[in-house]
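Structure, as structure tokens:
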Amino acid sequence: MPPTTRCLLTCAVTAFLAGTAAAQRPSDNPRGILDRAIADFLAGRVAESIVGFDQVVTLAPEAAPQLWQRGIALYYVGRYQDCRAQFESHRTVNPNDVENPAWHFLCVARAQSPEKARAALLPVGPDQRSPMREIYQMFRGTMSPDAVLAAAGNGLSARFFAELYVGLYYEATGDDRRALEHLRTAASDRYASAGGYMHTVAKLHPLVRR
């Protein structure tokens, strides 16, 4: 997800949840619960994070489509149908982000098969980041992972996202050796500033993968 879009969505969720919090007990404050859920996930406490994300959905269902972080956490605890539904919902508020159909693909591939995931691939609008258009074509089955890596070049951000999604794609399609190779590269410290939240996902992946 583009950093600017992430900020806009996070700020929108925070503003909405802040408006619901004043009349609630601290334990029922969805904004605080969301912050704690995100912190739990980033610390590798994925099961605990899901409890929090699900509480936010219960307390503030209007905010649920924006919770892309919840979708990623759902993937890692094996709730693939809920994961799929989260990213289908997220498309209604963030239709131009290639990372959304990519994670949707991963959920469907795990629940059913890569072929089913490709057939159900969500449409996406213009994502101007390099190499997001190529990453989308890879998940469509019309571009090879090597072509995605070539399109990324050597820019830190482009290279990070290419390595991350090539690795995740290889895992979804059954090539664990090459998946691990690219995910380890994405998790390296040189990409920390470029990857942000998703760099933490890359680092956590081998630790929390089911």
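Counting helices only, and only those DSSP H runs with n ≥ 4, report the 222 nm mean residue ellipticity of the chain as the sum of -39,500 (n - 2.57) divided by its residues, in deg cm²/dmol to the nearest 500. Walk me through the intermediate numbers first.
Details: 13 runs with 146 residues, N = 210.
Computed mean residue ellipticity for the chain: -21000 deg cm²/dmol.
Translational D (Stokes-Einstein, µm²/s) of the range 81-153 at 37 °C and 0.692 mPa s when Rh comes from the Kirkwood sum over C-alpha pairs? Write down the numbers at each step before the final one.
Working: Rh = 12.3 Å.
D = 266 µm²/s.
Under the Kirkwood approximation for Rh and a Cα-based Rg, what ratio Rg/Rh is obtained for the range 16-136?
Details: Rg = 15.2 Å, Rh = 15.0 Å.
Over the Cα atoms of the range 16-136, Rg/Rh equals 1.01.
Nearest 10 degrees is fine. How inclined is helix 80-90 to the longest principal axis of the chain, computing both from alpha carbons?
It is inclined by approximately 80 degrees.
To the nearest 20 Debye, how big is the dipole of the chain about its Cα centre, given +1 on the beta carbon of each Lys and Arg and -1 on that of each Asp and Glu?
For this selection, approximately 120 debye.
What is the calculated FRET efficiency for ASP28 to ALA192, with r their C-beta to C-beta distance and R₀ = 35 Å, to the nearest 0.05? Write down the numbers at each step before the final one.
On the way: r = 35 Å, r/R0 = 1.00.
Efficiency, from the Cβ-Cβ distance: 0.50.
Normalise the Cα radius of gyration of the range 129-204 by 2.2 N^0.38 Å (N = residues in it) and let me know the number.
Rounded to two decimals, the normalised Rg is 0.98.
In Å and from the alpha-carbon atoms only, list the Rg and Dmax of the chain.
Just the Cα atoms of the chain yield Rg and Dmax of 16.6, 53 Å.
Give the relative contact order (percent, whole number) for the chain; include only Cα pairs under 8 Å separated by 6+ residues.
In percent, rounded to a whole number, it is 14.
How tilted is helix 156-172 with respect to the longest principal axis of the chain? Cα atoms for both, answer in degrees (0 to 90, nearest 10).
Relative to the chain, helix 156-172 is tipped by roughly 90 degrees.
Throughout, read-outs are computed from the coordinates displayed, never taken from laboratory work. As the structure is a computational prediction, the values presented were derived from the model and not from experiment. Glycine also receives a Cβ, built like all others from the backbone with ideal geometry; neighbour counts cover every protein chain displayed.
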